[in-house]
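Laboratory data are not the source of any read-out in this text; all were calculated from the coordinates shown. Bear in mind the structure is a predicted one, so any value in this text is a computation, not a measurement. All Cβ positions, glycine included, derive from the backbone under ideal geometry; neighbour counts span all protein chains shown.
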């Protein structure tokens, strides 16, 4: 029976390479999660700013596709856009920031 002698330095080197690969994979996953979190926060911000307008426009599209008139949804979308524009044009600071966030637009 032959016995193979392994070099302890070689084994340590292989183990370290394995650890490095695992750390690199973990770093890649962490970066992916951070980027994903930023995209989600941005999407929530956009939806909260344009939410009511987008919902009423999509309701109008759904009605038009089904063959119904969407005039009511179109006018609601215009009203929501005008209200959002009015809210966006006002100056807000830390003292009255809640007025903008609770305005429902």
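What number results when the radius of gyration of the stretch 35-101, computed over Cα atoms, is divided by 2.2 N^0.38 Å?
Working: Rg = 15.2 Å, N = 67, 2.2 N^0.38 = 10.9 Å.
That ratio works out to 1.40.
Got a sec? How would 31, 73, 64 order by Cβ neighbour count within 10 Å, fewest to most? Before the final figure, lay out each step's value.
On the way: 31 10, 73 20, 64 13.
Result, fewest neighbours first: 31, 64, 73.
Suppose each label sits 7 Å from its Cα in the direction of the beta carbon; what would the residue 62-residue 44 distance come out to in nanometres?
Placing both labels 7 Å beyond Cα along the Cβ direction yields 2.4 nm.
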